[in-house]
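Visitor: One structure, as structure tokens, below. Some questions next.
Since every read-out is calculated from the coordinates, none of them should be taken as a lab result. In this text, all values refer to a predicted model and were calculated from it rather than measured experimentally. Every residue, glycine among them, receives a Cβ derived from its backbone with ideal geometry; neighbour counts consider all protein chains shown.
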């Protein structure tokens, strides 16, 4: 009789426990549905709607995230939000970071934000290759909102530094020519003009030092400034990558023979005018950048240049070319050591409309 009593008692307790568990599960499930995924938090008055900054630390669990959102007022029930995450199988998919979230969003909208991750508080600027410093500053100004005059003052004030400044003189704006590396950059929205300029300067130093860490600078170039200057000339003169090393070889050969470089791009730089044709009167400008008038390299680069032009210097071939000319509308150049051939090529290119 006693044995029968205890058996039934155990059975009764088991049935009672199962009923209790089913009751709790049903209650929790109903609770999780109180705020449906597609509905906004109806407990927030319209006049109280605001954007709240919330930080989700790395490694936060679903329970911790729910508590953070509850404590900041983004959700009104941490338990309901946690249950929603578990029901949607999202407990380990939310990303840490700092967010700006409205306090009237639905669970679905909140999780959508947390699944994407925090917004990148940056913007993109692009500096094309081959721009003069004045053009580079104008381009930066147009993309950031900083005045050109402000950017110029930043360069010559000492707030931006470069180990490759000629004579270590930052006060001369001309000395900064070629030291702002052309590239596409992600800029923090809180960066000021000095920070942006320093980013471009640092990038040139990184690219150059990476290059010379694995290769030696050719012995016909003796300083970083000369290297950057040759790179800028290659950038200005070459349209196709395959021609860049050959342009470098012509520059080298002319320097070796103490010849005038006679590069039109240096004349245009002296004039600070962009035009399709250099006239005879233009060649008379008295400037150390006028390579029709002065032998050797210009005192500084004449533009920004890219990595392809730097690599071209490192791969300068041995040849006897001292002339080059654009001979194809697609940008192909022809190289020669014969003045007569050069003149013939020039006349033909004019007839075909390749050059003016």
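Visitor: Please work out the Kirkwood hydrodynamic radius for region 46-116, using every pair of different C-alpha atoms, and report it in angstroms with one decimal place.
Guide: Details: mean 1/r = 0.0837 Å⁻¹.
Answer for region 46-116: a Kirkwood hydrodynamic radius of 11.9 Å.
Visitor: How would 247, 354 line up from fewest to most surrounding beta-carbon atoms within 10 angstrom?
Guide: Taking fewest neighbouring Cβ atoms as first place, the list is 354, 247.
Visitor: Quick one: what do you get for region 224-351 if you divide its Cα Rg by 2.2 N^0.38 Å?
Guide: Computed over Cα atoms of region 224-351, the ratio equals 1.00.
Visitor: Sort 252, 152 by Cβ crowding within 10 Å, fewest neighbours at the top. Can you show the working numbers first?
Guide: Numbers: 252 21, 152 17.
Taking fewest neighbouring Cβ atoms as first place, the list is 152, 252.
Visitor: So if R0 is 51 Å, what FRET efficiency would residue 314 and residue 171 give, r being the distance between their Cβ atoms, rounded to the nearest 0.05? Walk me through the numbers on the way to the answer.
Guide: Working: r = 32 Å, r/R0 = 0.63.
It comes to 0.95.
Visitor: I've got another one for you. Normalised by the residues of the chain, what does the relative contact order come to in percent, with Cα pairs under 8 Å and at least six apart? Walk me through the numbers on the way to the answer.
Guide: Values: 504 pairs, mean separation 47.5, N = 356.
It comes to 13 percent, rounded to a whole number.
Visitor: Please determine, in degrees from 0 to 90 and to the nearest 10, the orientation of helix 244-256 with respect to the longest principal axis defined by the Cα atoms of the chain, where the helix direction is its Cα long axis.
Guide: Approximately 40 degrees, to the nearest 10.
Visitor: Further question: Can you tell me, using C-alpha contacts under 8 Å and at least 6 residues apart, the relative contact order of region 46-116 as a whole percent?
Guide: Details: 87 pairs, mean separation 29.8, N = 71.
That works out to 42 percent.
Visitor: Using only Cα atoms, tell me the angle between helix 78-87 and the longest principal axis of the chain; keep it within 0 to 90° and round to the nearest 10.
Guide: Once rounded, one gets 80 degrees.
Visitor: Another question, if that's okay. If one takes the longest principal axis of the Cα atoms in the chain, at what angle in degrees, from 0 to 90 and to the nearest 10, does the Cα axis of helix 62-71 lie?
Guide: Taking Cα atoms only, the helix is inclined about 90 degrees.
Visitor: Grab the beta carbon distance between residue 223 and residue 58, set R0 = 56 Å, and tell me the FRET efficiency rounded to 0.05.
Guide: 0.75
Visitor: When a/c reaches 1.5 or more, the comparison of a/b and b/c decides; with that in mind, is region 203-257 rounded, prolate or oblate per its Cα gyration tensor?
Guide: It comes out oblate by the Cα gyration axes.
Visitor: Test of understanding: what is the full-extension gain from residue 295 to residue 258, defined as 0.36 nm times their sequence separation minus their Cα-Cα distance? Mind dumping the intermediate values first?
Guide: Numbers: separation 37, 0.36 × 37 = 13.32 nm, distance 0.67 nm.
Computed gain between residue 295 and residue 258 is 12.6 nm.
Visitor: Between residue 184 and residue 76, what's the calculated FRET efficiency when r is the beta-carbon distance and R0 is 45 Å? Round to 0.05.
Guide: My answer for the efficiency is 0.55.
Visitor: If you average 1/r across every pair of different Cα atoms in region 122-212 and take the reciprocal, what Kirkwood value do you get, in Å?
Guide: Kirkwood hydrodynamic radius for region 122-212: 13.2 Å.
Visitor: Okay, next question. Compute the Cα gyration tensor for region 64-187, then decide on rounded, prolate or oblate, letting a ≥ b ≥ c be the square roots of its eigenvalues: rounded whenever a/c is under 1.5, prolate when a/b is larger than b/c in the other cases, and oblate in all that remain.
Guide: It is prolate, given that a/c is not under 1.5 and a/b is the larger ratio.
Visitor: Taking the Cα centre of each part, how many Å lie between region 216-236 and region 78-113?
Guide: 56
Visitor: Another question about this same structure. To make sure I understand, if each residue's beta carbon is the centre and we count other beta carbons within 10 Å, what order do 72, 111 fall in, fewest to most?
Guide: Starting with the residue having the fewest Cβ neighbours, the order is 72, 111.
Visitor: Which length gain, in nm to one decimal place, applies between residue 343 and residue 161 when the Cα-Cα distance is subtracted from 0.36 nm times their residue separation?
Guide: Working: separation 182, 0.36 × 182 = 65.52 nm, distance 4.59 nm.
Result: 60.9 nm gained on full extension.
Visitor: Each label point is 7 Å from the Cα along the Cα-to-Cβ direction; what then is the distance between the points at residue 150 and residue 215, in nm?
Guide: 3.9
Visitor: Sticking with this one: Can you give me the C-alpha center-to-center distance between region 301-330 and region 116-148, rounded to a whole angstrom?
Guide: Between the Cα centre of region 301-330 and that of region 116-148, the gap is 27 Å.
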